[in-house]
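Report on one structure; see the data block that follows.
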Amino acid sequence: ARGASQWRRNNASPVLVREAKVLDKRMEVGHTGGSGNAHGHSYTQYYVTFEAEGERVELQVTGREYGMLAAGDWGDLTNQGTRYKGFERR
């Protein structure tokens, strides 16, 4: 239910494009289902913290995007609520 309400809030939010700086990156590794290697699966989620217009926002990104971004990068961040849409480095 929480995920569905966040999805609706994101859809109702405007798409914002604003100048931003990459402040930090982090990974979260987890495991779902059973125990041991035979059951369940591992996953990695990637997050990047941006600063835009004096506001800090942490957004989940793909592994590919995570690898392409570095702390200190400046560019145009596109997001819709908590949904990351892209970052164009300047």
Handout entry: Residue (of GLN6, TYR84, GLN60) at the positive-pole extreme of the chain, dipole from beta-carbon charges
Key = GLN6
Completion exercise
Tilt, helix 2-12 to longest principal axis of the chain (alpha-carbon atoms), in degrees rounded to tens, equals 20 degrees
Exercise for the section: Please state, as a whole number in µm²/s, the translational diffusion coefficient that the Stokes-Einstein equation yields for the range 28-77 at 20 °C and 1.002 mPa s, with Rh defined as the Kirkwood radius across alpha carbon pairs. Expected result: 164 µm²/s
Practice task
Only helical DSSP H runs with n ≥ 4 go in: add -39500 (n - 2.57) per run for the chain, normalise by residue count and round the 222 nm mean residue ellipticity to 500 deg cm²/dmol.
Solution key: -5000 deg cm²/dmol
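Please report the projected area of the range 49-90's Cα convex hull averaged over all directions, in nm².
Mean projected area for the range 49-90: 2.9 nm², to one decimal.
Throw me the Rg/Rh for the chain, computed over C-alpha atoms with Kirkwood Rh, two decimals.
1.06
Once you list every other residue whose beta carbon is under 12 Å from the beta carbon of GLU65, what net charge do they have if Lys and Arg are +1 and Asp and Glu are -1?
On the way: positive: LYS25, ARG64, LYS85, ARG89; negative: ASP73, GLU88.
Here the count lands on +2.
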Practice task
Quick one: net charge around ARG8, please, counting Lys, Arg +1 and Asp, Glu -1 for every other residue with C-beta under 12 Å from its C-beta.
Solution key: +3
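Readers should treat all values here as calculations from the given coordinates under stated rules, not as data from a laboratory. All values derive from a computational prediction rather than experimental measurement. Heads up, the Cβs are rebuilt from the backbone with ideal geometry, glycines too, and the neighbour counts pull from every protein chain shown.
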